[in-house]
Amino acid sequence: MDPRPDPADAVADLFDSSLNLEDAHFKEGYAEGYDYGLEAGREEARQVGLKVGFETGEELGFYRGCVDVWSSAIRVDPERFSSRVQKSVKTMELLLERYPVLDPENESVQEIMGDLRLKFKAICASLGVKLEYKGYPKSADDKNMEF
Amino acid sequence: MELDWELRELQTLEGHKDRVWSVAWNPATGVAGIPPMFASCSGDKTVRVWEQTPSSSSWDCKVGFLTSATAFMMFRFLRGEMWLSLHALWCVDDGNCCVHLRAVLDETHTRTVRSCAWSPSGKLLATASFDATTGIWENVGDDFECVSTLEGHENEVKSVSWNASGSLLATCGRDKSVWIWEVLPGKEFECASVLQGHTQDVKMVMWHPTMDILFSCSYDNSVKVWAEDGDDDWHCVQTLNEANNGHSSTVWALSFNGSGDKMVTCSDDLTMKIWGTDLKKMMSEDGYAPWKGLIVTGAADDAIRLFVESKDGSVDEPSYKMILRKEKAHDMDVNSVQWGPGETRLLASASDDGTIKIWELQPVA
């Protein structure tokens with residue numbers, strides 16, 4: 001057996017490393033990007049979570065406050081409130097309890113919040129009060145359409 | 001036997017100081033000797049109530065004509081409203097029509113009144129306004145008084161409709177929502193439900209003529225059907241959009257035939273669609289009224305058109321054909337056309353040109 005390396009192997013090795021160069025750099029770049037993305041994503045998620053959490057909490061708190069006041073008023077003088085309004089206030093309370101505060105990825109968060117907003121509007125209209133939660137955006141555009 | 005129809009122009013009513021959006025006939029008039037009455041609403045923030053002068057013979061109008069000659073001379077000494085109400089007594093021709101102004105409902109809405117609707121009893125008039133409120137008016141003696149104001153919409157209210165029994169009122173608006181109100185004794189109103197579902201401005205709401213089912217149409221190209229599932233639990237039971245043969249642009253209005261088994265919708269996509277339901281006819285038709293089943297439209301090309309179901313039998317499905325086009329019915333866009341109540345065969349049209357015209361449907365010999 002010839003102990004000298006096969007010249008073909010030597011040539012292959014030479015090219016191997018340059019081929020591997022592309023691969024190696026790819027892997028290195030990927031790893032770098034991944035680490036960076038992980039860090040940036042985590043930071044962005046934290047910001048988004050704080051913002052949405054604050055907004056959601058504030059809105060829920062607002063409704064909770066309204067429901068508490070209304071429920072107290074109903075307890076004091078039930079005759080002054082129609083059965084429909086009383087029922088709506090109770091329904092709103094149930095919705096608030098059902099809202100999955102600790103589970104933001106629960107699918108029903110949008111639905112429950114939507115229902116809360118509609119119930120709130122309906123109760124305000126029936127009671128004749130002009131309450132408005134200034135936090136969330138209005139449902140229509142600000143452009144003045146006149147048709 | 002297919003009849004040919006024509007529209008005879010009876011009268012032009014001026015008075016509104018801006019475009020007239022809509023007219024609504026009082027359903028309790030035009031029968032049993034009560035002269036037909038209708039309301040018109042306008043960009044001038046007012047609603048006007050008009051009534052046909054009961055005149056059994058045409059000499060009434062001729063008197064009006066004579067008066068007009070002298071009135072013309074006195075014109076310089078009269079101002080504003082008086083001039084207009086005299087003007088309204090004149091007839092365009094010697095037909096016995098003579099619609100006069102009965103009342104002006106003003107100083108309430110602070111913006112355009114977009115739509116109005118009488119309760120089925122004819123006692124109340126609801127007015128939908130861009131000022132985000134809906135007014136409820138009652139006829140008190142000679143005048144109309146605003147007895148209630150419904151607030152809740154975030155912005156412009158576009159349409160208002162009473163259900164068949166007058167126990168429910170629906171409104172809709174640019175805030176994309178549809179509101180259902182319950183009519184309580186003492187002209188009190190309570191919000192029963194706020195419905196979200198449309199993704200754009202809701203242009204019109206209308207209750208089915210016999211059942212408590214609500215229809216709404218929108219800038220989002222769809223028509224939605226809303227029904228109640230027990231106590232105040234309203235939700236959308238059907239959406240008619242492009243996916244199920246619906247319109248491809250804004251749906252502006254919808255209307256039902258007398259028995260409520262057919263509905264027609266009209267759209268910015270320049271088509272009208274006729275929709276049917278499988279429900280059996282709820283109302284029996286007493287007697288044959290050949291002009292029922294006619295569809296009349298007012299369009300942005302200033303014309304009024306009449307369509308009738310075509311029974312030429314060559315196609316399996318029902319088809320409709322246009323039998324009349326009144327070009328230049330108005331000087332500008334025709335915003336609304338409404339058939340008169342009862343058996344009157346009158347048609348009122350409202351236009352951007354600020355006028356209302358009264359027409360009569362007549363068979364062509």
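Structure notes:
- Averaged over the residues of B:190-198, the number of partner chain Cβ atoms lying within 10 Å of the residue Cβ comes to 5.
- Formal net charge of residues neighbouring B:Asp142 (Cβ-Cβ distance under 13 Å; K, R +1; D, E -1): -3
- Once backbone amide H atoms are built at 1.01 Å from N, B:Leu105 has B:Val47, B:Arg48, B:Val49 as its partners under 5 Å, excluding neighbours fewer than 5 places away on the same chain.
- If R0 is 41 Å, the Cβ-Cβ spacing of B:Asp142 and A:Val76 corresponds to a FRET efficiency of close to 0.40.
- Semi-axes of the equivalent ellipsoid for region B:109-288, computed as √(5λ) from the eigenvalues of its C-alpha gyration tensor and ordered from largest down, come to 26, 20, 16 Å.
- Over 22 Å apart at the Cα level, from the set B:Lys262/B:Lys326; B:Lys45/B:Lys158; A:Lys119/B:Lys224; B:Lys203/B:Lys273; A:Lys121/B:Lys203; A:Lys121/B:Lys45, are B:Lys262/B:Lys326; A:Lys121/B:Lys45.
- Descending principal axes extents, region A:8-135, alpha-carbon based, whole Å: 100, 21, 20
- Rounded to the nearest 20, the Cβ-based charge dipole of region B:109-288 about its Cα centre (Lys and Arg +1, Asp and Glu -1) stands at 580 debye.
- Amide H contacts of B:Lys262: B:Asn257, each under 5 Å away and 5 or more positions distant or on a separate chain (H built 1.01 Å from N in the peptide plane; Pro and chain starts excluded).
- Burial ranking of peptide ranges A:83-93, B:193-203, A:50-60 (average Cβ count within 10 Å, highest at the top): B:193-203, A:83-93, A:50-60
A short reminder: the numbers here are calculations on the coordinates, not readings from a lab. Remember, it's a predicted structure, so these values are computed and weren't measured experimentally. Glycine also receives a Cβ, built like all others from the backbone with ideal geometry; neighbour counts cover every protein chain displayed.
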